[in-house]
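The values are calculated or read from the model by the stated rules, or taken from the named source; none is laboratory data. Quantities reported herein were computed from a predicted structural model and do not represent experimental measurements. As a convention, Cβ positions derive from the backbone with ideal geometry for all residues, glycine included, and neighbour counts pool all protein chains shown. Protein only, heavy atoms only, side chains kept; ligands, DNA and RNA dropped before computing areas. Shrake-Rupley method; radii C 1.70, N 1.55, O 1.52, S 1.80 Å.
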Amino acid sequence: MNMTDFAQYKDVWVFAEQRAGKLMNVSLELLGEGCRLSREISEETRVCAVLIGDRAGHLADELYAYGADVIYQIDHALLKEYTTDAYAKVMTNAINTYKPEIVLFGATFIGRDLAPRIAARLDTGLTADCTRLDIRTANYIDYLKRDTTASTDGLDPKGDDKGLKQTRPAFGGNLMATIVTPNTRPQMATVRLGVMDRKEKNEGAGGQLIKVPVNLSADDIHVEVVETVKAAKAFVSLTDAEIICSGGRGLGGPEGFELIEKLADKVGGVVGASRAAVDSGWIDQSHQVGQTGTTVKPKIYFACGISGAIQHQAGMKDSDIIIAINKDPGAPMMELADYALCGDLKKVIPELIAQWDTE
Ligand code: FAD
């Protein structure tokens, strides 16, 4: 790819993931991040939402309200349910036709399935599970020249190639890796849920709607969705919760979560968990907070019987107020907490609940 090819690639695209006609929060967060990145690239750079589905046009107003300048609508009866084949085909075609500079996906089950297949078809780079994105302005040419295997073809020799700098946890969360894909376009990333800020909603905002021609037949799809089965328990929306009460190995067993549920009921929160509690089979994985679970930013985060391993902190350290309950005053979570309650949680939590009643 040479400089001329690079110049054809414009705009920041966000895959507007929807399920049963409802947009995923992460897509709105990515629109907010897209607005920030587009301003850093140039005034002309637009933020575009790619809306795939069957008669999903009713979601356009919400996408404009959260920052989309343009919506590429890809509508077809065969796109009603998500299938890897169909979504990868139509999205790849759209990217080849309109040539976005950056394409962002939420790191959801669908985003994690779809993005790598599109990247492979386009023969471009993809960074998975990002927690931060920036536009680089530093001169990467000299840096790349130190690596004799790296190509600097197509990069601006003056070094003002404004590419995407992607940051993600590596080596079990002990390091943050910065990744660039300077020689290919588009630059693609999946982004963790809850790590980017959505814009304030601007009701009534409008934009451009582009209806993308769809060339799709049943032969393109090699799987058939026979039935959609809802999880027995309602999916817990940790990313939306303002208060989260999480329990860890210190609960001592699955019955410990009854105490956490009581606390959550009392304070109007939802139940979270450490991986140790999930791996022990005490609670479903959808409750897990942390590097390999959900990243959360609630107003209040209760960490009960959780030591505060770096992988757990990676998912909750940006909470507004952290309240730790632990019998070990030296536990890392007690250091991180705004309020550290030292003691046996089986005593401290009932006292907290009783105190709440008298407030
Ligand atoms: P422990 O570390 O065993 O801590 C239990 C705490 O409870 C202790 O501090 C103890 O003092 C306290 N306690 C015990 N009894 C009581 C009591 N009666 N009253 C009060 N306090 C008590 N972990 C995550 O949570 N989320 C992740 O997403 C995640 N991803 C990971 C990814 C990788 C690649 C790796 C290697 C690890 C990951 N982990 C993750 C695991 C992580 O390293 C820790 O093992 C885990 O977070 C520990 O969980 P815990 O704090 O519940 O248990």
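Couple of notes before you dig in:
- With all protein chains modelled, accessible area of C245 [1.4 Å, Å²]: 0
- 0 to 90° range, to nearest 10: angle between helix 345-358 axis and the chain longest Cα axis: 90
- Nearest-0.05 FRET efficiency for Y339 and T84, computed from C-beta distance (R0 51 Å): 0.65
- Virtual spin-label span in nm between E227 and R132, 7 Å along Cα→Cβ: 4.7
- Per residue, the accessible area of the range 160-292 comes to 56 Å², computed with a 1.4 Å probe over protein heavy atoms only.
- For the chain, a Kirkwood hydrodynamic radius built from all Cα pairs, placed in the Stokes-Einstein relation at 20 °C and 1.002 mPa s, yields a translational diffusion coefficient of 97 µm²/s.
- Table column - 3J(HN,Hα) (Hz), the range 322-333, Karplus curve with 6.51, -1.76, 1.60, x for Gly and Pro: 10, 10, 9, 10, 7, 7, 9, x, x, 5, x, 5
- Overall form of the range 235-333 per C-alpha gyration tensor (a/c, 1.5; a/b vs b/c): rounded
- For the range 210-219, the Karplus equation 6.51 cos²θ - 1.76 cosθ + 1.60, evaluated at θ = phi - 60°, returns couplings of 10, 8, 8, x, 10, 10, 9, 9, 4, 5 Hz by residue, with Gly and Pro reported as x.
- Whole-percent carbon and sulfur share, accessible surface of the chain, 1.4 Å: 49
- Cα-based shape type of the range 248-295, given that a ≥ b ≥ c are square roots of the gyration tensor eigenvalues and the cut on a/c is 1.5: oblate
- Placing a label point 7 Å from the Cα of R39 along the Cα-to-Cβ direction, the residues of the range 57-75 with a backbone N closer than 16 Å are 66-69.
- Helix-only [θ]222 nm of the chain, DSSP H runs n ≥ 4, -39500 (n - 2.57) each, per residue, nearest 500: -8000 deg cm²/dmol
- Alpha carbon centroid spacing (whole Å) that separates the range 49-107 from the range 23-42: 15
- Average accessible area per residue (Å²) across the range 1-103 - probe 1.4 Å, nucleic acids and ligands excluded: 38
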